[in-house]
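Below you'll find the structure, written out as structure tokens, and then a few comments.
Each reported figure results from applying straightforward, stated rules to the coordinates on display, with no laboratory input. Keep in mind that this is a model prediction, so the values were computed, not measured. All Cβ positions, even for glycine, are placed from backbone atoms using ideal geometry, and neighbour counts span all protein chains on display.
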Amino acid sequence: MFSYELIEELKKAKGFKKDKEVIDIMEGMNSGNMSQIKAGKRPLTEEQALFIAREANLCKDWVLVNLAEERAKSEEVKKAWYEIGKKLRKSAVAAMLAVIVAFGGFGENSGAEPSFS
């Protein structure tokens, strides 16, 4: 159900309340497609997923890896995509931590004026 979770992220980012609002702005989306996506019978296309990534400010790589996992037919392929996604998440967390450390986050003085004593 990753595809519908993405749609929900788009709705949140745009302040939408109804699926119809998403249908109105997303190319290739109609009420039938939306119903199938909500029921887990059809995933988004790659183009639709990338549109959501841009509009909701999500990592394109993460979106595409998770979409590929959702679309995979065999359990072996799903597992392979899942493992790639885990590695991607780990590297994203490591990059985030590096930025936090580089800019002095998490310390007792974070957010405070520099001390020169």
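Peptides 39-48, 59-68 ranked from most to least packed by the mean count of surrounding Cβ atoms within 10 Å: 59-68, 39-48. 3J(HN,Hα) along region 32-47, derived from phi through the Karplus expression 6.51 cos²θ - 1.76 cosθ + 1.60 where θ = phi - 60°, amounts to x, 4, 4, 4, 5, 5, 4, 7, x, 8, 8, x, 5, 7, 4, 5 Hz, with x in place of Gly and Pro.
Remark: region 13-30, residue by residue, has Karplus-estimated 3J(HN,Hα) of 5, 8, x, 7, 10, 10, 4, 4, 5, 5, 4, 5, 9, 9, 4, x, 9, 9 Hz, where x stands for each Gly or Pro and the curve is 6.51 cos²θ - 1.76 cosθ + 1.60 at θ = phi - 60°.
Once the Cβ-Cβ distance of Trp62 and Ser31 is raised to the sixth power relative to R0 = 22 Å, the FRET efficiency obtained is 0.20. Among the listed pairs Lys60/Lys87; Lys11/Lys41; Lys41/Lys87, a Cα-Cα separation exceeding 26 Å is found for Lys41/Lys87.
Apply the a/c threshold of 1.5 to the C-alpha gyration tensor of region 2-102 and tell me whether it is rounded, prolate or oblate. Oblate is the answer for region 2-102, as a/c is 1.5 or above yet b/c matches or exceeds a/b.
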